Amino acid sequence: MTELHELALSPGSTRGSALIEVGPAEGHDQSFADMIERLFRQFEAELPLTAIVRVARESRRQLSGSPAGAMPELTERLAIERLTTMALAGLQPAVLSQPQPKESAT
């Protein structure tokens with residue numbers, strides 16, 4: 001069952017609040033929503049909420065073979081690593097996952 005969780009954005013943020021969809025693939029619904037809120041607070045100045053949610057979901061999907069009890073922490077660590085890379089490079093998730101063109105010898 002898919003649920004919507006309201007994410008209260010940081011006090012003083014001009015963005016207000018947002019709803020994030022948490023589906024059965026995410027397992028620990030509340031911990032996932034809590035993680036999104038922590039990640040948003042950490043990266044709100046550099047990345048939009050949609051990018052943060054997309055990276056967190058992709059991180060969770062890629063770690064799906066990990067022990068269930070470790071999933072929240074592993075997912076958050078991987079997401080932080082990827083979001084930090086994106087923020088430093090000014091990239092969005094689609095750009096980060098695209099293969100880089102090979103340079104031709106000129």
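Throughout, read-outs are computed from the coordinates displayed, never taken from laboratory work. Everything numeric here is computed off the predicted structure, so don't read it as measured data. Note: ideal-geometry Cβ built from the backbone for every residue, glycine included; neighbour counts use all protein chains shown.
As a proxy for reagent exposure, ranking Ser66, Ser59 by other Cβ atoms within 10 Å from fewest up yields Ser66, Ser59. Modelled this way, with points 7 Å down the Cα-to-C-beta line, the labels at Ala45 and Ala87 are 0.8 nm from one another.
Would you kindly state how much longer the chain becomes between Leu63 and Arg38 on full extension, computed as 0.36 nm times their sequence separation minus their alpha carbon distance, in nm to one decimal? Let's see the in-between values first.
Details: separation 25, 0.36 × 25 = 9.00 nm, distance 1.93 nm.
Once the chain is fully extended between Leu63 and Arg38, it gains 7.1 nm.
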